[in-house]
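Worksheet: the structure to be examined is printed underneath.
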Amino acid sequence: MKVMLTGGGTGGHIYPAIAIADKIKQRQPSADILFVGTERGLESQIVPKNGYPIRYIPARGFDRRRPLKNLKTLRDWIIGSQAALQLINEFRPDMVIGTGGYVSAPLVRAAQRKGIPTYIHEQNAAPGLTNRLLASQVTKLFLAYEDAVAAFSKIPPERIIVTGNPVRQEFVNASASVARTKVGLTTDDFMVLCFGGSRGALRINTVMTKAVAGLLKAPEFRLVFITGREYHSDVRRELKEADALIDRVELLPYSERMHEYLPAADLVISRAGAITVAEITACGKAAVLIPSPNVTGNHQYFNAKALADRGAAVLLPESELSEELLTEIILRLMRDRPTLNQMAEASRAIGRTGAADAIYQEII
């Protein structure tokens with residue numbers, strides 16, 4: 001079996017594709033898998049490190065605020081479509097699977113024109129533009145949420161399958177005790193994992209940086225703080241100036257060890273992207289979710305609300321985020337283990353870990 005996968009721009013599009021690829025390889029070790037992305041996207045770093053070959057085509061998204069820049073988008077669409085068709089002719093895939101992001105469009109469209117079976121997976125309750133445009137001609141449409149079905153009302157129901165979000169096996173099979181040992185935690189440590197998505201989040205970084213000095217007054221407090229590459233040097237400088245960068249804070253621009261840090265954490269502070277939520281619940285972790293206010297359809301708010309309504313998370317709107325409130329929530333949960341454990345149990349009950357299996361069964 002020869003499979004092309006495409007999806008990029010953010011980890012939220014890339015990691016589901018990797019989870020699907022891993023499942024295919026697990027079931028069919030001889031399968032030939034090729035990823036297609038852009039050279040400037042995170043996929044250019046993440047995919048090779050996960051052991052898969054990747055080829056590149058030009059592609060970029062539409063800029064609604066600066067319409068003149070869309071001339072470059074149109075140019076890349078034309079060139080990218082030609083490059084996609086050439087790759088398909090070279091690789092001769094049995095199917096093409098897209099997981100979102102603007103790079104998916106030219107490859108999936110080219111495959112559809114060639115009569116090759118195509119599949120797409122939508123991670124969010126509010127579907128992205130690329131998948132909405134591609135859905136009409138796909139062989140099967142995989143959705144993470146029942147709520148997303150309404151956005152595809154023109155697609156025959158038999159072509160829509162709600163699977164949940166594919167999560168890599170490292171998260172599904174993770175052991176908290178093993179992970180805590182790997183990252184150097186003791187049984188008495190209370191580890192908070194704070195991150196703002198694959199690119200970081202300025203507001204979360206700013207507030208957590210201010211809160212660290214006060215939180216370190218609790219001797220059991222430990223922090224793994226993943227800032228995003230763009231913000232890392234500024235956060236490091238500010239923590240040094242506050243005399244807070246000590247051995248109880250691990251400051252990282254990005255991490256490929258999330259499959260260790262997340263299972264090891266006692267509490268997660270993060271955005272509420274679909275894949276982040278899927279990984280948190282797969283590991284059964286209590287969370288403080290701070291939805292990004294700058295996403296299509298406010299979908300992160302609804303992702304966070306789904307957990308908060310079931311007692312698995314605290315939903316903290318960015319407009320209400322402050323040093324004082326974040327510190328109060330963290331310290332309260334640190335000192336109230338029964339509540340923290342109840343949140344973790346509720347999180348694990350929400351987790352859906354069979355999405356990759358469900359997708360595999362539909363494409364074979």
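A short reminder: the numbers here are calculations on the coordinates, not readings from a lab. Model, not experiment: these values are computed from the prediction. Backbone-built Cβ (ideal geometry, glycine too); neighbour counts: all protein chains shown.
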Original post:
So what's the angle, to the nearest 10 degrees on a 0 to 90 scale, between helix 323-335 and the longest Cα principal axis of the chain?
Top reply: 80
**OP:** At most 16 other Cβ atoms within 10 Å and a DSSP loop assignment: could you name the chymotrypsin sites (Phe, Trp or Tyr not before Pro) in region 1-62 that fit?
**Re:** 62
**OP:** Report the calculated FRET efficiency for residue 187 and residue 27 (r = Cβ-Cβ distance, R0 = 25 Å), to the nearest 0.05.
**Re:** 0.05
Subject >> Between helix 299-308 and the chain: long-axis angle, C-alpha atoms, 0 to 90°, nearest 10 >> reply: 50
**OP:** Enumerate the aspartates and glutamates that residue 2 could reach by cross-link, defined here as Cα to Cα under 13 Å, with residues fewer than 8 away along the same chain left out.
**Re:** 32, 90, 94
**OP:** Would you mind checking the pairs 23/285; 49/217; 49/285; 72/240; 23/154 and listing those with alpha carbons more than 32 angstrom apart?
**Re:** 49/217; 72/240
**OP:** List 145, 52 from most exposed to least, where exposure is judged by having the fewest other Cβ atoms within 10 Å.
**Re:** 52, 145
Original post:
What percent antiparallel are the DSSP beta bridges of the chain, to the nearest 5?
Top reply: 0
Original post:
Which whole-angstrom value gives the distance between the alpha carbon centres of region 121-154 and region 189-264?
Top reply: 35
Original post:
Along the three principal axes, how long is region 222-364 when you take its alpha carbons, biggest first, rounded to the nearest angstrom?
Top reply: 55, 34, 31
Subject >> Mean Cα-pair separation over length for the chain, i.e. relative contact order, pairs under 8 Å, 6 or more apart, % >> reply: 15
Original post:
Taking 0.36 nm per intervening residue step and subtracting the Cα-Cα distance, what contour gain separates residue 234 from residue 45 on full extension?
Top reply: 65.7 nm
Subject >> Relative contact order (%) - criterion: Cα under 8 Å, at least six apart; region: region 2-162 >> reply: 21
**OP:** For the chain, with a Gaussian network of springs between Cα atoms less than 10 Å apart, report the residue from 343, 95, 258 with the top mean-square fluctuation.
**Re:** 258
Original post:
Can you give the relative contact order of region 1-49 as a percent, counting alpha carbon pairs under 8 Å and 6+ residues apart?
Top reply: 52
Subject >> Sum of -39500 (n - 2.57) over DSSP H runs of 4+, divided by residues of the chain (222 nm, nearest 500) >> reply: -13000 deg cm²/dmol
Original post:
Among rounded, prolate and oblate, which fits region 2-162 when a ≥ b ≥ c are the square roots of the eigenvalues of its C-alpha gyration tensor, a/c under 1.5 means rounded, and a/b larger than b/c means prolate?
Top reply: rounded
**OP:** Round to a whole angstrom and tell me the spacing of the C-alpha centers of region 1-63 and region 306-339.
**Re:** 35
